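Colleague: After the structure tokens below, expect a handful of questions from me.
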Amino acid sequence: MNIQFLISLSDIRILDIVDILIVVVLIWQIYKVLKGTIAFNIFIGVMLLYGVWFVVSHLEMRLLTFVLGPFVGFGVLILIIIFQPEVRQFLLLLGNNTLKNRFTFLEKLWGDQIAMDDSVIMRHVDEILFAMQYFRQTQTGALIVISHNESTPIWNNSGQRLNADISSQLLKAIFQKDSPIHDGAAIIVNNKIHSVSVILPVTDSQSIDVDLGLRHRAAVGISEKTNAIAFVVSEENGDWSYAKEGRIHKINSESDLKKTLRQSFLE
């Protein structure tokens, strides 16, 4: 018995180990995307259905095998239809990680040029930081989205097109409570305030704290559908937070805010 076990171990190739590791990583990424959503419960149900079909087919229970067969046969298509938003988010997650690796390579190749661009980025970061400090002090609600995709339909089909330079004074004016455009989000794309008063999709995730309001849910919603990062200032207490890849994170200090803002321009 031990000899057979050793022989079977000797048949394992390096590619088999790599294959297992890739599958584990993919399963973990899928779990991160689905965790805390209604889709996670559906996914568990689908897996149970596959498990039942596997058992009844091996037990040769012909009627149940016949009934469950079509669901299993078209399983991949059914999963894509049911999990369309999650599939989009999963692909965005993979693409975003690929872009991060590409940027690391470019940073090594053209370090001086990127360092020059970083000074421009830091000016934008400081302008947004000054505005968010003001929002915290005055408990002014705000929602600022930083993206690198100008053609996203969400901010091309709603709100007011602005295409203005990033300015703390302009951001303050946008989110003043008596401003006609303070509702919705301000979208920053390619170092410009692309549009304002944009209506964002609201998440249906069950993992969101029930005490969080519509701005936070909209921030999570846009981070689920795109690779944008959404920054929120709470109107109730002035707290800072940001949403990324479908998760909300609290920001506890100005240094953390500055670091996250800078990273959002680089990703």
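The values are calculated or read from the model by the stated rules, or taken from the named source; none is laboratory data. Just so it is clear, the structure is predicted and the values come from calculations on it, not from any experiment. Cβ coordinates were reconstructed from backbone atoms using ideal geometry, including for glycine residues, and neighbour counts include every protein chain displayed.
Colleague: Please go through region 147-170 and give me each residue that is part of a helix (DSSP H, G or I) and surrounded by fewer than 14 Cβ atoms within 10 Å (Cβ to Cβ), ordered by number.
Modeller: Within region 147-170, Pro153, Gln169 meet the criteria.
Colleague: Among the listed residues Gly51, Gly45, identify the single one that is closer than 30 Å to Val210 by Cβ and either modelled with pLDDT of 70 or more or within 20 Å of the chain's Cα centre (by Cα) (or both).
Modeller: Gly45
Colleague: State which residue is nearest to Asn157 (Cα to Cα) when the search covers only region 203-221 and only residues that are modelled with pLDDT under 90 and among the β-branched types (Val, Ile, Thr).
Modeller: Here the residue is Thr203.
Colleague: So which of Ser179, Ser241 is touching a helix residue (DSSP H, G or I) at 6+ places or on another chain (Cβ under 7 Å), of a type outside the set (Lys, Arg) and either touching a residue at least 40 places away in the same chain (Cβ under 8 Å) or not in a strand (DSSP E or B) (or both)?
Modeller: Ser179
Colleague: State all residues of region 243-267 that are of a type in the set (Gly, Ala, Ser), under 16 Å from the mean Cα position of the chain (by Cα) and more than 16 Å from Val120 (Cβ to Cβ); if no residue qualifies, say none.
Modeller: Ala243, Gly246
Colleague: Test His182 against the stated conditions and say whether it is over 16 Å from His148 (Cα atoms), in the same structural domain as Ser151 (by TED's automatic domain parsing) and surrounded by 15 or more Cβ atoms within 10 Å (Cβ to Cβ).
Modeller: yes
Colleague: Separate question: Note down all Cβ pairs under 6 Å where the first residue falls in region 206-225 and is in the same structural domain as Leu143 (by TED's automatic domain parsing), the second is part of a helix (DSSP H, G or I), and they're at least six residues apart or on different chains.
Modeller: Glu224/Gln89
Colleague: Out of the residues in region 59-77 that are under 30 Å from the mean Cα position of the chain (by Cα) and either loosely packed, with under 10 Cβ neighbours inside 10 Å or farther than 20 Å from Phe43 by Cα (or both), state the one that is modelled with the highest pLDDT.
Modeller: Leu77
Colleague: Moving to a separate point now. Working only within region 217-267, note down all residues that are under 24 Å from Thr138 (Cβ atoms) and among the polar types (S, T, N, Q).
Modeller: Within region 217-267, Ser234, Asn237, Ser241, Asn252, Ser253, Ser255, Thr260, Ser264 meet the criteria.
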